[in-house]
Amino acid sequence: MKLFEDKISSAASRVRIALALKGLGVERETIGILGADAINRTPEYLHVNPQGLVPALLTDEGVLLTQSLAIIEYLDERYPEPSLLPEKLEDRAFARAVALAIAADIHPLLPPRVTARLGTFPGAGPQEIADWSRHWIRVGLTAVEELLARRQTDRYAAGDAPSMADICLFPQAVNAERAGLSLDQWPRITAVVARLRAIPAFAENGPAPRS
């Protein structure tokens with residue numbers, strides 16, 4: 001398998017964590033997503049992935065998979081152990097809900113292509129763009145905190161083992177801290193992330209800082 005990624009991407013971080021939890025090694029190709037000369041907007045990469053996004057995974061059968069959650073579910077179905085979803089149906093639905101609350105409701109408002117577009121609007125300078133990002137992270141994680149707080153007995157986001165929910169939560173928490181937000185305002189998220197930091201698959205595969 002071959003993973004197209006950028007180390008700064010939280011979406012790519014999710015897939016790296018899933019691969020690490022499964023103990024899978026893949027070939028990797030860096031696709032830069034920052035700046036006017038970003039590789040992900042070149043015709044060559046758009047031929048690989050028409051969306052021009054990372055991550056993308058080329059399977060051993062030569063099939064290109066896109067979208068981090070679709071890739072993670074593929075990996076979980078093809079390599080079932082350890083499972084990235086809880087056993088009970090309700091817990092599986094909860095894990096997917098938390099994952100989507102981050103991947104579909106927070107993340108789409110924050111990536112470089114969004115902030116670059118914001119920067120073209122009158123009055124939207126670096127401070128306003130940073131405030132935009134902090135606002136949507138705060139709104140999103142506050143909702144996730146409330147969801148997690150209703151499951152007080154769980155060690156991780158959706159059970160007593162890391163799941164797809166944690167795979168999405170961890171990179172977003174790392175980026176929240178880098179945006180200047182303290183995780184202390186979300187006690188349940190803080191506790192879960194602290195446990196995840198002790199797991200090498202998470203600690204070694206978080207999103208890299210933007211240079």
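Below is a table of values for the structure above.
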quantity: Whether the range 100-171 is rounded, prolate or oblate, judged on the alpha carbon gyration tensor where a/c under 1.5 counts as rounded; calculated: prolate
quantity: Accessible carbon and sulfur surface of the range 64-211 relative to its total accessible area, %, 1.4 Å; calculated: 57
quantity: Relative contact order, percent, the range 1-128 [alpha-carbon distance under 8 Å, six or more residues apart]; calculated: 22
quantity: Gyration tensor (alpha-carbon) shape descriptor, the range 163-211, a/c threshold 1.5; calculated: oblate
quantity: Ordering of 47-55, 14-22 by burial proxy (mean other Cβ atoms within 10 Å per residue, highest first); calculated: 14-22, 47-55
quantity: Accessible area expressed per residue, the range 85-167, with surrounding protein chains retained (probe 1.4 Å, Å²); calculated: 55
quantity: Entry for P(r) over Cα pairs in 10 Å bins from 0, in percent (calculated from the structure that is shown) out of [x] 8, 26, 27, 19, 11, 6, 2, 0; [y] 9, 38, 41, 12, 0; [z] 8, 35, 36, 18, 3, 0; calculated: [z]
quantity: 15 Å beta-carbon shell around Ala179, net charge (K/R +1, D/E -1); calculated: 0
quantity: Gyration tensor (alpha-carbon) shape descriptor, the range 7-95, a/c threshold 1.5; calculated: prolate
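The values are calculated or read from the model by the stated rules, or taken from the named source; none is laboratory data. Just so we're clear, the structure is a prediction, and the values are computed from it rather than from any experiment. Methodologically, a virtual Cβ is constructed for each residue, glycine included, from the backbone with ideal geometry; neighbour enumeration extends over all protein chains shown. Just the protein is used for accessible areas: all its heavy atoms, side chains included, with ligands, DNA and RNA removed. Shrake-Rupley method; radii C 1.70, N 1.55, O 1.52, S 1.80 Å.
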